[in-house]
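Only one structure is covered here, and it is reproduced in the block below.
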Amino acid sequence: MQASEFPRAMAAAMSIASALGLTADDAIVLHDSNKLTLRLLPCDVLARVAPVAHQVAQFEVEIAQRLAESENPVAALEPRVEPRVYERDGFVVTLWTYHEPATPEEVSPADYADALARLHAGMRKLDVPAPHFTDRVEQAQQLVASRDRTPALADADRELLGNTLRGLRRVIGERGGAEQLLHGEPHPGNVLTTENGLLFIDLETCCRGPVEFDLAHAPEEVSEHYPNVDQGLLRECRILVLAIITTWRWDRHDQLPNGRQLGTEWLSQIRAALDRNGLDTPG
């Protein structure tokens with residue numbers, strides 16, 4: 001979210017909380033990406049705020065509700081108010097339980113894998129319409145193809161990303177493996193270490209695909225503890241995910257600090273990974 005929108009977004013969240021009977025005199029920014037994550041005090045509620053035009057909040061709320069009902073490892077919506085999407089001043093706001101971080105310590109790969117496997121088991125029981133992981137690949141392909149949106153991307157790098165996205169999308173699709181509802185981006189930034197164990201957040205990225213696509217977002221050691229992984233498919237998914245997030249770094253609207261530096265480093269990693277795994281992704 002643009003920094004200039006912070007004051008209005010924070011005011012919208014506090015106003016909604018107050019109208020619902022929650023005392024919200026202050027808001028602390030916890031995270032900023034496509035939406036603003038706030039801790040409202042003294043009611044101690046987590047608010048996620050996004051511009052009305054750029055959000056899938058209702059989808060996230062529905063998924064979270066259904067997963068929480070079966071005690072899956074996901075962050076819960078705030079129980080003191082109606083679990084729905086609220087709107088004010090051009091923003092949508094969802095209210096969640098705030099979890100105080102547990103004593104900082106490194107998450108063990110085994111615990112990470114166990115939590116993700118339990119999440120996947122719960123998601124397999126949900127029959128909900130969701131995007132396919134290839135939709136995200138398609139979005140990245142469109143970004144690569146647009147010189148206006150990625151003006152700083154060199155021709156050779158544009159060709160590399162385009163071929164990698166197109167080639168691996170085809171190769172993974174031809175495997176014809178089992179697919180299910182996924183988190184979509186279960187990287188460490190979307191995992192909370194709490195007194196109740198590991199909890200996954202940011203369910204707006206849910207999509208359908210092979211579990212290896214989710215595992216490709218987690219640290220490599222996690223897959224060693226996850227049951228029945230197709231290692232070949234996982235290698236392909238890791239490179240595909242790397243190509244997707246690399247493409248985002250070249251978007252002229254990307255706001256990630258050091259994003260362009262990361263984009264350059266990841267291009268080198270893609271070339272090395274393709275060579276290391278003997279993968280050829282011709283256009």
* What residue among Ser223, His253, Cys207 has its Cα farthest toward the positive end of the dipole of the range 204-283, where the charges are +1 on Lys, Arg and -1 on Asp, Glu, each on the Cβ? -> His253
* Val92 long-range amide H proximity, modeled H, under 5 Å -> Ala50, Val52
* Asked: Across 5 Å bins from 0, what is the distribution of all Cα-Cα pair distances for the range 163-249, in whole percents?
  -> 3, 13, 23, 27, 20, 10, 4, 1, 0
* Just the ratio, please: alpha-carbon radius of gyration of the range 132-283 over 2.2 N^0.38 Å, N its number of residues. => 1.04
* Structure fact -> For Glu62, the accessible surface traced by a 1.4 Å probe with all protein chains present amounts, in square angstrom to the nearest 10, to 90
* In the chain, what percentage of the DSSP-assigned beta bridges are antiparallel, given to the nearest 5? -> 95
* Which whole-percent values make up P(r) of the range 221-283 when all C-alpha to C-alpha distances are grouped in 10 Å steps starting at zero? -> 19, 42, 29, 9
* To do: Report in % the part of the accessible area of the chain that belongs to carbon and sulfur, leaving out ligands and nucleic acids; probe 1.4 Å.
  => 49
* Rounded to the nearest Å, what's the spacing between the alpha carbon centres of the range 201-220 and the range 9-66? Just the number, please. => 24
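Which FRET efficiency value, to the nearest 0.05, do you get for Asp275 and Asp32 by plugging their Cβ-Cβ distance into 1/(1 + (r/R0)^6) with R0 = 45 Å?
Result of the calculation: an efficiency of 0.80.
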* **Cα centroid separation, the range 74-104 to the range 152-195 (Å)** => 28
* **Hydrodynamic radius (Kirkwood) for the range 35-74, which is based on Cα pairs only, to one decimal in Å** => 11.7
* Asked: Under a GNM of the chain (C-alpha, springs under 10 Å), which listed residue has the highest mean-square fluctuation: Cys43, Cys237, Cys207?
  -> Cys43
* Out of Val137, Ile172, Leu160, whose Cα points farthest toward the positive end of the dipole of the range 131-178 (charges: +1 Lys, Arg; -1 Asp, Glu; placed on Cβ)? -> Ile172
* To do: In whole Hz, with x marking every Gly and Pro, tabulate ³J(HN,Hα) for the range 223-231 from phi via Karplus 6.51 cos²θ - 1.76 cosθ + 1.60, θ = phi - 60°.
  => 5, 5, 10, 8, x, 6, 7, 7, 5
* Structure fact -> Expressed in angstrom and ordered largest first, the alpha-carbon extents of the range 79-198 along the principal axes are 51, 43, 34
* Asked: In debye to the nearest 20, how big a dipole does the range 132-283 give about its Cα centre with +1 on each Lys and Arg Cβ and -1 on each Asp and Glu Cβ?
  -> 500
* **√(5λ) per eigenvalue of the Cα gyration tensor, the range 68-141, largest first, Å** => 24, 23, 16
* **Where Rh is the Kirkwood radius over Cα pairs, Rg/Rh for the chain** => 0.98
* Putting +1 on Lys and Arg Cβ atoms and -1 on Asp and Glu Cβ atoms, find which of Ile244, Leu20, Ser146 reaches farthest to the positive end of the dipole of the chain. => Ser146
* **Helix-only [θ]222 nm of the chain, DSSP H runs n ≥ 4, -39500 (n - 2.57) each, per residue, nearest 500** => -14000 deg cm²/dmol
* What span do the alpha-carbon atoms of the range 1-158 cover on each of the three principal axes, reported in whole Å from largest to smallest? -> 55, 41, 35
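The values are calculated or read from the model by the stated rules, or taken from the named source; none is laboratory data. None of the values given here were measured: they were computed from a predicted structure. Reconstructed Cβ throughout: ideal geometry from the backbone, glycine too, with neighbour counts over all protein chains shown. Areas reflect the complete protein model, heavy atoms only, side chains present, ligands, DNA and RNA absent. Shrake-Rupley method; radii C 1.70, N 1.55, O 1.52, S 1.80 Å.
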